[in-house]
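Heads up: the structure comes next, in structure tokens.
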């Protein structure tokens, strides 16, 4: 007979787009729909979300919609509840450090979106406090669990590329200004004073993708821009966009490879997916996106010849081969939630912790400084 073990999780900021769709609905509620998380020892883990936020009527409606019984606008009261096992944070960045600090003091295990703080000092402070408190902690690094990047990791582990030379990434899409069509992202993303900016948002992603797949980032050169200086908020009111909406980065990696990644909310998509990485090596190349991955091996590489006087007679894209799934890929956020829950309950290994989150904050901080100073900056290793 299977034993059911309940884990109560305070979910702060779950009324936001990411917190609601990916973490609540597609992760924890999806786990409940499948009957809980089978721990493999005759125990099924049952996640019990406790919704936390500022708007009572929204929280109540959300709880009612999904058959949940617990919600609160009083974070301190929730953290004082000894029955809460885990604190999860998906708030705006500017509110995250204080809330996580309170949760650590209350002895809760921590799982959080990134960036974990608005400064490297703050991010390292949280990591040290969590270590000293003896609580388990994890940071969302969802892109590692995307099917396209899992296929790319399979190629790397199999030695497909030989020596990796370079990585080129393209991320972004056109976010409407909000005047004649509603914006797809919240207005705070475009106000620096509220913790907005694409560098703060995306460089932490690029840090863990590069670190996990290709090697530690050892230096960064970045240029940022605010291409759209005037936007309209959720109430139709115009405001000045004070944060960067595009960033162009060059990252030197340990081992010698170079990565170039463009990130923009002011670019129209002319690629197969919203993010794509091209990896070139001595033995082969690959282009990986959210779900798909295509390869071209050395043995089947064509021999292009530059001749601008003649039209191209072949499709270059057709010369690449699709990498098969060879596996069933679950939602990336849900997959990482499962690993963190097993880490908390079974003490299984888990390396995407608050120190890993601090590396992302460090890279964002140095990227902004690189642009401000107009120079390349070294990225020193950090430790607690």
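The values are calculated or read from the model by the stated rules, or taken from the named source; none is laboratory data. Note that this is a predicted model, so its numbers are computed, not measured. Backbone-built Cβ (ideal geometry, glycine too); neighbour counts: all protein chains shown.
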When you go through (1) closer than 25 Å to residue 96 by Cα; (2) without any contact (Cβ under 8 Å) to a residue 60 or more places away in the chain; (3) crowded, with 16+ Cβ neighbours inside 10 Å one by one for residue 184, which number turns out not to apply? (3)
In segment 136-158, which residues are farther than 18 Å from residue 253 by Cβ and in a loop (DSSP other than H, G, I, E, B)? 136, 140, 146, 158
Which residue, of 260, 252, is surrounded by 15 or more Cβ atoms within 10 Å (Cβ to Cβ) and closer than 19 Å to residue 143 by Cα? 260
Would you check if residue 103 is over 22 Å from residue 334 (Cα atoms), within 25 Å of the chain's Cα centre (by Cα), without any contact (Cβ under 8 Å) to a residue 12 or more places away in the chain and not assigned by TED's automatic domain parsing to the domain that holds residue 187? no
Give segment 97-121 a look and list any residue that's crowded, with 17+ Cβ neighbours inside 10 Å and closer than 15 Å to residue 204 by Cα, or say none. 112, 113, 114, 115, 116, 117, 118, 120
Find the residue count for segment 81-96, including only residues that are outside any helix (DSSP H, G or I), buried (at least 20 other Cβ atoms within 10 Å of the Cβ) and within 16 Å of the chain's Cα centre (by Cα). 4
Spans of helices (runs of 4 or more DSSP H) in segment 1-80 with at least 2 residues exposed (fewer than 13 other Cβ atoms within 10 Å of the Cβ) and out of contact with any strand residue (DSSP E or B) (no Cβ under 9 Å at 6 or more places or on another chain): 56-66, 75-79
Please go through segment 304-321 and give me each residue that is surrounded by 10 or more Cβ atoms within 10 Å (Cβ to Cβ) and either part of a helix (DSSP H, G or I) or within 25 Å of the chain's Cα centre (by Cα) (or both), ordered by number. 319
Please find, among 169, 162, the residue that is in the same structural domain as residue 322 (by TED's automatic domain parsing), in contact with a helix residue (DSSP H, G or I) (Cβ under 9 Å, 6 or more places away or on another chain) and farther than 26 Å from residue 244 by Cα. 162
So residue 218, is it surrounded by fewer than 18 Cβ atoms within 10 Å (Cβ to Cβ) and without any contact (Cβ under 8 Å) to a residue 60 or more places away in the chain: no
Per-region count, segment 134-155, residues buried (at least 16 other Cβ atoms within 10 Å of the Cβ) and free of Cβ contacts under 8 Å to residues at least 60 places away in the same chain: 1
Residues of segment 348-384 satisfying the condition of being without any contact (Cβ under 8 Å) to a residue 40 or more places away in the chain and either surrounded by 12 or more Cβ atoms within 10 Å (Cβ to Cβ) or assigned to a loop (DSSP other than H, G, I, E, B) (or both): 348, 349, 351, 369, 374, 380, 383
So residue 325, is it surrounded by fewer than 16 Cβ atoms within 10 Å (Cβ to Cβ), touching a residue at least 12 places away in the same chain (Cβ under 8 Å) and either within 20 Å of the chain's Cα centre (by Cα) or assigned by TED's automatic domain parsing to the domain that holds residue 170 (or both): yes
So residue 229, is it over 22 Å from residue 143 (Cβ atoms) and without any contact (Cβ under 8 Å) to a residue 40 or more places away in the chain: yes
Selection over segment 286-303 where residues are surrounded by fewer than 20 Cβ atoms within 10 Å (Cβ to Cβ) and either in contact with a helix residue (DSSP H, G or I) (Cβ under 7 Å, 6 or more places away or on another chain) or part of a strand (DSSP E or B) (or both) yields a count of 6
Counting only residues that are within 24 Å of the chain's Cα centre (by Cα) and more than 13 Å from residue 194 (Cβ to Cβ), which one in segment 235-249 is surrounded by the most Cβ atoms within 10 Å (Cβ to Cβ)? 247
